[in-house]
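Read the figures in this text as sums done on the coordinates, not as results from a lab. Only a predicted model underlies this, so the values are computations on that prediction, with no experimental measurement involved.
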Amino acid sequence: MVVLQLFATLALLVAGLLTVLLAGATQLFTARPPSGPDAMGLAGVFFGMALRSGLMLVAALVCVGLGKFDWVSGRPGVPLLAVIGSMIGLAVVMGMSWMQWAGPSKPWTVMAGNLGAVLLPLLIQVYLLLLVWAKSPGDWARHLALPLAGIGGIGLLIGAAMLVMWQVNSIKSERAAFEADVKWQEDNRRENREREERQAKELDGLPDDAPLKVFVTHLFIDKSEAHHARALERIGKLPNLTERIDALMSDADPLQREYCANYIRHAPGPDPAWGRIVKRAMGELAKDISAAPLLYDPPTQRTYRGMMMGMFLTARCFPGEDFSTEARAIREAVAGHADEINRQACVELADRFIAGQALEEE
């Protein structure tokens, strides 16, 4: 029993010391709360208050264990629940008294802070300390406990109201986020639908004799899969398609050749005659690689490795053609290139194609 009394006393003494320190940290709530980079100091005060409330609760539970609150009720467990509820409510009141100081200054800030966060905890600590060492709690224990319990009850009501408000605000926030997400999805679907309709109108409006390089832009990644299928069908019906592919695959710009190759490898049932066109384009790519300053140019996003990948994938669409000579020419071009950063990756890609191995994008 004495050990418990000493333990509770030590807890209350530390809680009292924390109360004095917290009062000093706020200069009895006359100092301005820290702001800016110093606002982190509020966290230290908050944790100090939490520790103080925990120590006071421990002391109160010791009193319950020593039978100091048996007068509350003869039913087992009722004194324990009453004390825990009262201490939680008192902690809410003490915390709110401090929090109103941490916010915008009000005429009652200093008074409320000192009453709720300094005098009230000191009163509770003295009460518990007397109760711990009292041989038999007298009427004073009951008379003082009732107003403290009343304050604790008010604190519980306030805490419950704050919890309900937090739950309501949380539900409102979740609902607002859900509605915003639904609206975003609806707007996104509408924008996609309008864009697809606009792109389809542009594709349908192209005359058959429009340049093939214009048609193949409708296979770019900014278009939907449905539009790609629509574009593939339209391109496949163009007159003199093989001659037009031959012309575009002879373009001086390797990117234009890659755009055309993209059509070839996605076309349903590519014409075997296109294989020789791809073979020639691979030879041209080897020359472009040799002449290029870099294998990858960040400002323009031009990557010869990507164009190699495109040509190799396109060549695989024609299993009856032998592309080994052209592939070795490309490998020789990249192997002798000055771009040391990207050279090895390009060489490895060429080696995989020559060896008949799977390419990264297959």
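Scattering from the chain was approximated by placing one identical point on each alpha carbon and applying the Debye formula without solvent; log10 I(q)/I(0) at 0.10 1/Å stands at -0.70. Remark on region 26-158: Rg and Dmax equal 16.3, 54 Å (Cα only).
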